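Comments concern the structure below.
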Amino acid sequence: MSRGLGDVYKRQVLKDEADAAELMESLHKHLENRKGTMQAYAPEQVSMVENAVVTYHGACVTLIVSNKCGVVQQAFDAYFK
């Protein structure tokens with residue numbers, strides 16, 4: 001049995017909306033590092049990291065790592081409508 005990722009949802013609300021791009025870049029780098037780790041000990045879950053979504057609305061940045069990224073992102077987007 002592998003000890004890989006479960007679903008990960010991380011939402012960060014920033015004080016300054018201008019900081020969103022920097023946080024998103026940091027999250028993308030984190031995902032690249034995580035992908036390397038996953039390839040070493042849970043290769044069957046690499047696709048979850050590869051398909052992860054980093055999105056934002058204003059000052060709210062969200063990281064979604066899931067086999068259901070599309071559904072989760074739709075819920076996130078609907079929240080801001």
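The values are calculated or read from the model by the stated rules, or taken from the named source; none is laboratory data. What you see is a predicted model; the values in this text were computed from it and never measured. Positions of Cβ are backbone-derived with ideal geometry, glycine not excepted, and every protein chain shown enters the neighbour counts. Calculation scope for accessible area: heavy atoms of the full protein, side chains included, ligands and nucleic acids excluded. Shrake-Rupley method; radii C 1.70, N 1.55, O 1.52, S 1.80 Å.
Considering only protein heavy atoms, with the full assembly of protein chains and a 1.4 angstrom probe, order 24, 38 by accessible area, largest first.
I get 24, 38, largest accessible area first.
Starting from the Cα-Cα distance between residue 42 and residue 59, subtract it from 0.36 nm times their residue separation and give me the gain in nm to one decimal.
So the extension gain works out to 2.8 nm.
Return the calculated 222 nm mean residue ellipticity for the chain, to the nearest 500 deg cm²/dmol, obtained by summing -39500 (n - 2.57) across DSSP H runs with n ≥ 4 and dividing by the residue count.
Mean residue ellipticity, 222 nm, calculated: -15000 deg cm²/dmol.
So, for the chain, what is the accessible surface per residue at a probe of 1.4 Å, expressed in square angstrom?
Ligands and nucleic acids excluded, the result is 68 Å² per residue.
With unit charges on the beta carbon (Lys/Arg positive, Asp/Glu negative), name the residue among 58, 47, 28 whose Cα is farthest towards the positive pole of the charge dipole of the chain.
My answer, from the dipole projection, is 47.
Quantify, in whole percent, the carbon and sulfur part of the accessible surface of the chain (1.4 Å probe; protein heavy atoms only).
49 percent
Of 65, 8, 13, which has the most accessible area with a 1.4 Å probe, and how do the rest follow in descending order?
Most to least solvent-accessible, the answer reads 13, 8, 65.
Mind checking the dipole of the chain: about its Cα centre, +1 per Lys or Arg Cβ, -1 per Asp or Glu Cβ, Debye to the nearest 20?
Roughly 280 debye for the chain.
Whole-Hz Karplus ³J(HN,Hα) for the range 40-49, in order, using 6.51 cos²θ - 1.76 cosθ + 1.60 and θ = phi - 60°, x for Gly and Pro?
After applying 6.51 cos²θ - 1.76 cosθ + 1.60, I find 6, 10, 8, x, 5, 10, 4, 4, 4, 6 Hz.
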